[in-house]
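Written below as structure tokens is the structure these notes are about.
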Amino acid sequence: MTIALTLFTIITVALGVVFFLAGTVGLLRFPDTLTRLHALTKADNLGLGLVVLGLLPQVAWPFGGLKLIAVWLLALLAGATVGPLLGHAAWTQERGREPPP
Amino acid sequence: MSEFLLIAALCVLGTVALGLVVILRGPTEADRLSAAQLLGTGGVAALLLLGVATDTTGVADLALVLALLAAFAAVAFITPFGTNGGRADPVAQPDRPQDPE
Amino acid sequence: MTVRPGPGGSGFSRDATARGAGFFGCWLLLAGPGWSNPAAVPAVDVAVGLLAAAAATWASVHLLPPTPGRVRLGALGRLLLRFLWQSIVGGSDVARRAFAPRLSLQPGYLVYPVRTPPGPRRALFGALTSLVPGTLPVGSEPQAGAGCALVYHCLDLRQPVADGLAKDEALMIQGCGEDATDV
């Protein structure tokens, strides 16, 4: 059982790291501001979610685990709030240069 | 296990640090802020990993505060863009039409 | 609870009490690990927690007054599951595109005529759909008729984005009891 949980943690956390890497690569490679924002809002939230999921078997219940979930929910809320706000800022700026879509 | 988590934390920090290139490169303020947000989420993940690896419970509180501060920093930075027609827009072009909202 | 009576009467105070309980729960979560013996927590500590929860509730109902409308837990659960799944798909989609040797993107704008009226619910819809694969709400613009449309930036216009958005919105309207009149 312990081995299974350890394996679960290792796989999930490693996957989470991959998604953080994807967010950075997207931020560096994608062609314009708004596509880069897509990379940010989606990849790193999933990365954090996987890291939290992977850490859950390794912490004390209930407080440690619930706090991890609380951190993740807060980060998810922050990401979902900041993403559209940043998108609006970038869109307004872009619209200043060219006619609206 | 704790070695693996420490390495994972370092990997997350490494990819996030790579994203800092975007803060330098830009080209727009929204790009720079995206990279700063990535630093926020990645920092939270790295802190959580470190906290579990070193068995320090207080680190989760630090992660919570970092998630909160990253979100507030972004919101405080963006607010001038959307709500007052971009008057305080730090990247506004002088000849930019006013936002109709 | 320092809750001002507002429009909605008992429903209002019930909403406020629920929020207060939630805030106190959060406080317990933050303070909990510090107590070595949960059975012998000093009353002063708990009083501080209750005070903090009351202050948070006061700020909460002033900044975001409770809106009438029933919340249907079943539909809300389905909505949450769908968005959890969608955010996984969205993250994988972005990751696949980021790592692909050749970038396969066809970015563009999509104007989606939104049914949800402006306000907290539309903000919620915007926030939720920012996690959906390939879409990011960037603003709104007035429509020709009545109503309003949300402008989405899409990572790939070849995907059936508008269908997915309509499905999400229908599910959210069900879950949050938006059209309480025709139930």
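Some points to look at:
- Neighbour-count order for A:12, C:129, fewest beta carbons within 10 angstrom listed first: A:12, C:129
- For C:102-115, mean number of other protein chain Cβ atoms within 10 Å: 2
- Degrees separating the helix A:63-95 axis from the principal Cα axis of chain A, which is the longest one: 10
- For peptides A:81-89, C:82-90, sequence by mean Cβ density within 10 Å, most packed first: A:81-89, C:82-90
- Computed from Cα positions, the angle between helix A:33-55 and the longest principal axis of chain A comes to roughly 10 degrees.
- Residues C:26, C:154, arranged from fewest to most other Cβ atoms within 10 angstrom of their Cβ, appear as C:26, C:154.
- Inter-chain Cβ neighbour count for C:126-136, averaged per residue, equals 6 (cutoff 10 Å, partner chain atoms only).
- Peptide A:62-69 is shielded by partner chain Cβ atoms: per residue, an average of 5 of them sit within 10 Å of its Cβ.
- For residue C:156, distant residues with modelled amide H under 5 Å away: C:106
Quick note: the coordinates plus some simple rules give every number you see, no bench work behind them. A quick note: this is a predicted structure, and the numbers were derived from the prediction, not measured. No Cβ is skipped: glycine too gets one built from the backbone with ideal geometry, and neighbour counts run over all protein chains shown.
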